[in-house]
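> Take a look at the following structure, please.
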Amino acid sequence: MAEKFIIHGGKPLNGTVEISGSKNAAGPILAASLLTDEDVVIDNIPLIVDILSIIDVLKEMGAQIEWIGERKIKINTKNIDPKKINFDKISRTRISVLLIGALIARFEEFKFSRPGGDRIGVRPITTHLDALRQLGVEISSEGNFYYFRRDRLKGREIVLKEFSVTATENLMMAASLAEGETKIIGAAAEPHVQDLGIFLEAMGAEIKGLGTHIIFIEGSNNLKGTSHKIIPDPIEVGTFAIAACVTPGQVEIKNVYPDHLAVFFDKLEETGVKLKKNSDSLLIDYSPDLKGVKVQALPWPGFPTDLLPLISVLLTQARGKSLIHDPLYENRFGHLQELKKMGADIELVDPHRALIFGKTPLRGLRIESWDIRAGASLVIAGLMAQGETVLENIFQIDRGYEKIEEKLQKLGADIKRVQ
């Protein structure tokens, strides 16, 4: 039965919130466990729908998985069989595309269904396929399936056509067991890409250039087991930071790597948000005197595209005109229609840009979550709105946030999950 959130806005948020592990780091690291026959221990796993689905897919393929802590697993993929892939489950999440790079490094041939995920626009995997072909992979497609086949993967210089995070990660995994050196030009540099690289290095891969747009990988004959703790989720940090500054009170956010969000924090301060950064935490005060700004999503270390829907809610409370721009996803702004229903003054310039005029009060009503980040932005809108907000389709939010309503309840929010 479908679930929804019922939110009564206007409540102060006070206290401390602990950030969970990064969804975007956990996905590729779980996939990379396929690259070795030995045991791998992964800690700080976020207990969210997308990640638990990937764990189920690995288990059904034959992986031995043991939970040795609340968020810690031991996994051995020695006996996996790609013929046992649950195509129904991998079609529900975009993260599943990350299994391709690891599977092609491990197996000479397999078939794979087209990945699913958010409704934020056309998200083809052409960049992934072009890069893998250059390593020596033969790829064909029929209906809803891709067919992959290779003899020996051979490293070479590959220029990615875009700063694709998942294409970079797939290529890193495949290149780790390829013959010779692979040079990736135009690689993504996001913190979760770096976390995957650190994990692969711990397995024995030789990698240079992590955190830059040129990465070198020296292929290995085999990789070993290792232990790794996933980085905290910077998108969850940003979500709670925005919730804290637009509601009365003061919130401390723990388990934070400030360097991962330097541009985001700078933009918050530009709008007038009161924040204090420490080495591993963040203190946010209610910030009622905000001003409009321009925000454009860019590859890391630029402003994260996943936080653009979140900051759009904040900008409804900023004086003057703000511009938000996402050059990549043409459906990123579906949530803005819901904000307009709540009273926000927003003009959609085109599928990639929107003008937000503030300051406007929001009123609670029945709205729908389009995707993970749009859903989180509407939760925040409900926290600040007058009256009751009913947020439907919260399955989308559960795909990316671990018990977001329970964390907000501990801070004093009036939010509950109902069927």
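A quick yes/no check of all residues on (1) closer than 18 Å to Ala26 by Cβ; (2) touching a helix residue (DSSP H, G or I) at 6+ places or on another chain (Cβ under 7 Å); (3) of a type in the set (Val, Ile, Thr); (4) in the same structural domain as Asp371 (by TED's automatic domain parsing):
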{"site": "Pro82", "(1), (2), (3), (4)": "no, yes, no, no"}
{"site": "Lys89", "(1), (2), (3), (4)": "yes, yes, no, no"}
{"site": "Asp130", "(1), (2), (3), (4)": "no, no, no, no"}
{"site": "Ile139", "(1), (2), (3), (4)": "no, yes, yes, no"}
{"site": "Tyr146", "(1), (2), (3), (4)": "no, no, no, no"}
{"site": "Lys161", "(1), (2), (3), (4)": "no, yes, no, no"}
{"site": "Thr166", "(1), (2), (3), (4)": "yes, yes, yes, no"}
{"site": "Val193", "(1), (2), (3), (4)": "yes, yes, yes, no"}
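> Out of curiosity, is Asp39 farther than 30 Å from Glu388 by Cα and surrounded by fewer than 16 Cβ atoms within 10 Å (Cβ to Cβ)?
no
> Among the residues of the stretch 383-419, write down those that are more than 13 Å from Thr247 (Cβ to Cβ) and hydrophobic (A, V, I, L, M, F, W, C).
Result: Val390, Leu391, Ile394, Phe395, Ile397, Ile404, Val418.
> Name the residue, out of Ile73, Ile42, Ile55, that is more than 19 Å from Asp306 (Cβ to Cβ), in contact (Cβ under 8 Å) with a residue 12 or more places away in the chain and touching a Phe, Trp or Tyr at 6+ places or on another chain (Cβ under 7 Å).
Only one candidate passes the filter, namely Ile73.
> So, one more: Does the stretch 186-193 include one or more residues that are surrounded by fewer than 18 Cβ atoms within 10 Å (Cβ to Cβ) and out of contact with any Asp or Glu (no Cβ under 7 Å at 6 or more places or on another chain)?
No, because not a single residue in the stretch 186-193 is surrounded by fewer than 18 Cβ atoms within 10 Å (Cβ to Cβ) and out of contact with any Asp or Glu (no Cβ under 7 Å at 6 or more places or on another chain).
> Looking at Val57, Val49, which is the one that is β-branched (Val, Ile, Thr) and either in the same structural domain as Gly364 (by TED's automatic domain parsing) or out of contact with any Asp or Glu (no Cβ under 6 Å at 6 or more places or on another chain) (or both)?
One residue alone meets the criteria, Val57.
> Among the residues in the stretch 118-128, are any buried (at least 16 other Cβ atoms within 10 Å of the Cβ), within 21 Å of the chain's Cα centre (by Cα), charged (D, E, K, R) and not assigned by TED's automatic domain parsing to the domain that holds Lys403?
yes
> Within the set of pairs 6+ apart or on separate chains, which have a first residue in the stretch 220-239 that is free of Cβ contacts under 8 Å to residues at least 40 places away in the same chain and of a type in the set (Ser, Thr, Tyr), a second that is buried (at least 24 other Cβ atoms within 10 Å of the Cβ) and in a loop (DSSP other than H, G, I, E, B), and C-beta atoms under 7 Å apart?
Pairs that qualify, where the first residue is free of Cβ contacts under 8 Å to residues at least 40 places away in the same chain and of a type in the set (Ser, Thr, Tyr) and the partner is buried (at least 24 other Cβ atoms within 10 Å of the Cβ) and in a loop (DSSP other than H, G, I, E, B): there are none.
> I'm trying to understand the selection: among the residues of the stretch 130-174, which are closer than 17 Å to Val193 by Cβ, touching a residue at least 60 places away in the same chain (Cβ under 8 Å) and aliphatic (A, V, I, L, M)?
The answer is Val165, Leu171, Met172, Met173, Ala174.
> Find the residue count for the stretch 236-257, including only residues that are within 30 Å of Asn76 (Cβ to Cβ) and buried (at least 21 other Cβ atoms within 10 Å of the Cβ).
Looking only at that region, the number is 1.
> Here is a further query. Looking at Pro28, Pro82, which is the one that is without any contact (Cβ under 8 Å) to a residue 60 or more places away in the chain and either over 23 Å from the mean Cα position of the chain (by Cα) or within 21 Å of Ala205 (Cα to Cα) (or both)?
Result: Pro82 is the single residue among Pro28, Pro82 that is without any contact (Cβ under 8 Å) to a residue 60 or more places away in the chain and either over 23 Å from the mean Cα position of the chain (by Cα) or within 21 Å of Ala205 (Cα to Cα) (or both).
> Could I ask something else about it? Considering only the stretch 194-209, state which residues are buried (at least 20 other Cβ atoms within 10 Å of the Cβ), small (Gly, Ala, Ser) and within 24 Å of the chain's Cα centre (by Cα).
Once the filter is applied, which keeps residues that are buried (at least 20 other Cβ atoms within 10 Å of the Cβ), small (Gly, Ala, Ser) and within 24 Å of the chain's Cα centre (by Cα), the stretch 194-209 yields only Gly197.
> Please work out which residue is surrounded by the most Cβ atoms within 10 Å (Cβ to Cβ), limiting yourself to the stretch 70-95 and to residues that are within 17 Å of Leu47 (Cβ to Cβ) and aliphatic (A, V, I, L, M).
Ile95
> Within the stretch 141-148, can one find any residue that is more than 21 Å from Glu190 (Cα to Cα) and modelled with pLDDT of 95 or more?
Yes, because at least one residue in the stretch 141-148 is more than 21 Å from Glu190 (Cα to Cα) and modelled with pLDDT of 95 or more.
> Among the residues of the stretch 271-315, which ones are without any contact (Cβ under 8 Å) to a residue 40 or more places away in the chain, touching a helix residue (DSSP H, G or I) at 6+ places or on another chain (Cβ under 7 Å) and among the small types (Gly, Ala, Ser)?
Hits for the stretch 271-315 are Ala297, Gly302.
The values are calculated or read from the model by the stated rules, or taken from the named source; none is laboratory data. Quantities reported herein were computed from a predicted structural model and do not represent experimental measurements. Positions of Cβ are generated from backbone atoms using ideal geometry, with glycine treated the same way; all protein chains shown enter the neighbour counts.
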